[in-house]
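Here the structure comes first, spelled out in structure tokens, and everything after it is commentary.
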Amino acid sequence: MTAPTSATDVNQPTLQPAAPTGRRLSWPVLLLVIAGALALTSIVRLITGADGITNVSQMSTALQLAVPIGLAGLGGLWAERAGVVNIGLEGMMIFGTWFGAWAGFQWGPWTGVVFGIIGGCIGGILHAIATVTFRVNHIVSGVAINILALGITRYLAPLAFEGHAGGSAKQSPAVDSLGHFTVPGLSDGLRDLNNQGWFFISDIAGLLGGLVTNVSWLTLIAIALIPGTWWILWRTAFGLRLRSCGENPVAAESLGVNVYKYKYIAVIISGGLAGLGGVFLSIVANPFYLEGQVSGRGYIGLAAMIFGNWMPGGLALGAGLFGYTDSLNLRGGSTNVHALLLLGALLLIIGAIWLVIRKKYAPSMITAVVGALVYTWYATTNEVPNQVVSATPYVVTLVVLTLSAQRLRMPKADGLPYKKGQGK
């Protein structure tokens with residue numbers, strides 16, 4: 001990292017946030033793991049005949065469902081890297097959905113995007129005042145924001161939407177589209193290749209095809225925010241100061257950092273990103289606000305951030321995984337989830353073998369037994385109940401958090417109350 005040389009600058013060795021404990025996967029290893037998972041999925045597709053699990057339409061839907069989760073998780077990352085736990089992401093997304101649709105149907109979708117971000121920022125400001133200035137417990141404050149957002153939007157919706165064409169007490173009038181794009185030639189070529197049903201190659205074509213077919217412009221902005229966040233937080237002096245507030249605010253303040261200011265900035269940005277995720281739901285995913293449409297995505301975004309170990313890249317993978325499982329509700333749910341039972345059984349068996357290699361015999365036995373049970377479920381049934389399909393994203397959330405818990409390291413001062421001057 002390039003560091004200023006001034007003796008008074010905060011970018012000094014004593015302020016460097018501690019590195020995460022444990023081994024980190026290098027990019028080549030990570031890409032190899034992803035390729036292996038995709039190859040295993042391709043094998044399952046060939047065995048089960050469930051071509052829908054990797055087709056272009058499935059991947060396109062998964063991307064659309066992953067975006068609001070990813071934006072919520074990105075908002076959580078900004079806040080928690082500055083030391084503020086943001087359970088209020090759900091409420092900030094709700095503000096984003098309402099304000100985005102309210103402004104969008106009156107003045108156009110892009111105006112709706114701006115107002116949705118502002119709505120999320122309002123939630124962020126309230127959370128920052130409570131947690132930073134008054135040092136209210138972060139969980140209590142976040143839950144209060146969620147309840148407040150539900151109450152305010154439920155009160156305002158009838159006042160704002162009733163009397164307009166298509167509006168009601170729980171739904172806004174329709175908002176015009178932000179527009180979509182499809183890469184000509186490449187999209188059709190990848191779709192044709194995906195339809196061939198070849199091992200691995202067709203599955204990669206399905207994945208890539210979903211990234212270039214009927215993609216919203218807001219999706220592009222959301223994707224760009226992932227590397228943008230990484231660059232700001234890990235490659236700038238501003239980012240170092242902000243992260244240091246989440247690791248050791250006493251040391252940061254002793255070197256001249258205004259800890260309160262950076263926490264406020266981080267939480268407000270967090271709210272804006274969550275609000276943008278809400279805008280996506282009320283303008284892109286659906287062209288209107290609908291009460292209850294956030295449906296727990298703020299919490300899943302928080303889970304994606306934890307799964308990603310408070311890093312943008314890992315967060316993106318987590319959001320993609322949860323978006324993919326959520327997409328099974330919309331496209332061939334029962335058939336596809338039944339096929340994924342076989343994939344889950346294979347992954348559990350591979351995990352058991354890996355634990356044996358690492359001489360963790362008791363966990364390996366438990367993993368193997370669970371894998372055998374999942375395979376038995378797959379082998380003795382032809383489909384799964386719709387209730388299981390609906391619960392799949394939430395079950396996956398719990399499973400991946402459980403399996404990845406040993407490798408996680410949150411910022412050291414995350415969630416801890418801080419009073420200005422407490423280090424003196």
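The values are calculated or read from the model by the stated rules, or taken from the named source; none is laboratory data. Just so we're clear, the structure is a prediction, and the values are computed from it rather than from any experiment. Positions of Cβ are backbone-derived with ideal geometry, glycine not excepted, and every protein chain shown enters the neighbour counts. The area values use the complete protein model at the heavy-atom level, side chains included, leaving out ligands, DNA and RNA. Shrake-Rupley method; radii C 1.70, N 1.55, O 1.52, S 1.80 Å.
Ignoring aspartates and glutamates fewer than eight residues from residue 261 along the same chain, the ones with Cα atoms less than 17 angstrom from its Cα are 9, 80, 247, 253, 414. Taking N as the residue count of region 268-376, its C-alpha radius of gyration divided by 2.2 N^0.38 Å amounts to 1.38.
Here the accessible area of region 82-215 is 68 percent carbon and sulfur, with a 1.4 angstrom probe and all protein chains present. Packing-based ranking of 28-39, 276-287, 387-398 yields 276-287, 387-398, 28-39, ordered from highest to lowest mean Cβ neighbour count within 10 Å. Scoring 59-71, 291-303 by mean Cβ neighbours within 10 Å over their residues and listing the highest first yields 59-71, 291-303.
Sequentially through region 40-55, phi angles give Karplus couplings (6.51, -1.76, 1.60; θ = phi - 60°) of 5, 4, 5, 4, 4, 4, 5, 5, 8, x, 7, 5, x, 6, 9, 7 Hz, Gly and Pro residues having no value and appearing as x.
Distance between the modelled labels on residue 214 and residue 195, one decimal in nanometres: 1.5 nm (7 Å Cα→Cβ projection). Looking at the chain, the accessible area is 46 square angstrom per residue; that uses a 1.4 Å probe and ignores ligands, DNA and RNA.
Assuming a viscosity of 0.890 mPa s and a temperature of 25 °C, what translational diffusion coefficient in µm² per second does Stokes-Einstein assign to region 203-252, Rh being the Kirkwood radius over Cα pairs? Each step should come with its number before you reach the end.
Working: Rh = 13.4 Å.
Stokes-Einstein gives a translational diffusion coefficient of 184 µm²/s.
Counting 0.36 nm for each residue step from residue 224 to residue 133 and taking away their Cα separation leaves a gain of 29.5 nm. Considering only 387, 148, 335, the residue lying farthest towards the positive end of the dipole of the chain is 148, judged by Cα position with unit charges set on Cβ.
Give the shape of region 141-280 as rounded, prolate or oblate, defined through the alpha-carbon gyration tensor: a ≥ b ≥ c are the square roots of its eigenvalues, a/c under 1.5 means rounded, and otherwise the shape is prolate if a/b is larger than b/c and oblate if not. The partial results should precede the final answer.
Numbers: a/c = 3.08, a/b = 1.23, b/c = 2.51.
Here region 141-280 falls in the oblate category.
If the chain linking residue 177 and residue 254 were pulled fully straight, counting 0.36 nm for each residue of separation and taking away their Cα-Cα distance, it would gain 22.7 nm.
Of the three principal axes defined by the Cα atoms of region 137-207, the extents in descending order read 53, 42, 18 Å. Across the options 58, 208, 221, the greatest Cα extent toward the positive end of the charge dipole of the chain (unit charges at beta carbon of Lys, Arg, Asp, Glu) belongs to 221.
For region 95-153, what is the convex hull volume of the alpha-carbon atoms per residue, in Å³? Present the calculation step by step, with values, prior to reporting the outcome.
On the way: hull volume 3.7 nm³, N = 59.
Residue-normalised Cα hull volume stands at 62 Å³.
Each label was represented as a point 7 Å from its Cα along the Cα-to-Cβ direction; for residue 107 and residue 388 these points are 5.0 nm apart.
Adding -39500 (n - 2.57) for every DSSP H run of four residues or longer, then dividing by how many residues the chain holds, sets the calculated 222 nm ellipticity at -22000 deg cm²/dmol.
Stick to the Cα atoms of the chain, pair each with every other, and give me the Kirkwood hydrodynamic radius in Å at one decimal. The partial results should precede the final answer.
Details: mean 1/r = 0.0439 Å⁻¹.
After inverting the pairwise mean of 1/r, the radius is 22.8 Å.
Around the Cα centre of the chain, unit charges on the Cβ atoms of Lys, Arg, Asp and Glu (plus for the first two, minus for the last two) sum to a dipole of about 1500 debye. Measuring between their Cα centroids, region 242-321 and region 199-230 lie 21 Å from each other.
So what is the diffusion coefficient of region 175-233 in µm² per second by Stokes-Einstein at 4 °C and 1.567 mPa s, using a Kirkwood Rh over Cα pairs? Estimated via Stokes-Einstein, D reaches 100 µm²/s.
Treating only the Cβ atoms of Lys and Arg (+1) and Asp and Glu (-1) as charged, compute the dipole magnitude of region 151-280 about its Cα centre; round to the nearest 20 debye. The partial results should precede the final answer.
On the way: 8 positive and 7 negative charges, 107 e Å.
With only Lys, Arg, Asp and Glu charged at Cβ, the dipole is about 520 debye.
Of the residues 421, 96, 306, the one whose Cα sits farthest towards the positive end of the charge dipole of the chain is 421 (charges of +1 on Lys and Arg Cβ, -1 on Asp and Glu Cβ, taken about the Cα centre). Peptide packing for 48-58, 373-383 was compared via the average number of neighbouring C-beta atoms within 10 Å per residue; ordered from the highest value, the list is 48-58, 373-383.
Which value, in debye to the nearest 20, describes the size of the charge dipole of region 257-401 about its Cα centre when Lys and Arg Cβ atoms bear +1, Asp and Glu Cβ atoms bear -1, and nothing else is charged?
Working: 7 positive and 3 negative charges, 113 e Å.
With only Lys, Arg, Asp and Glu charged at Cβ, the dipole is about 540 debye.
Work out the FRET efficiency for residue 235 and residue 381 from their Cβ-Cβ distance, taking R0 = 41 Å, and round it to the nearest 0.05. The formula returns an efficiency of 0.25 here.
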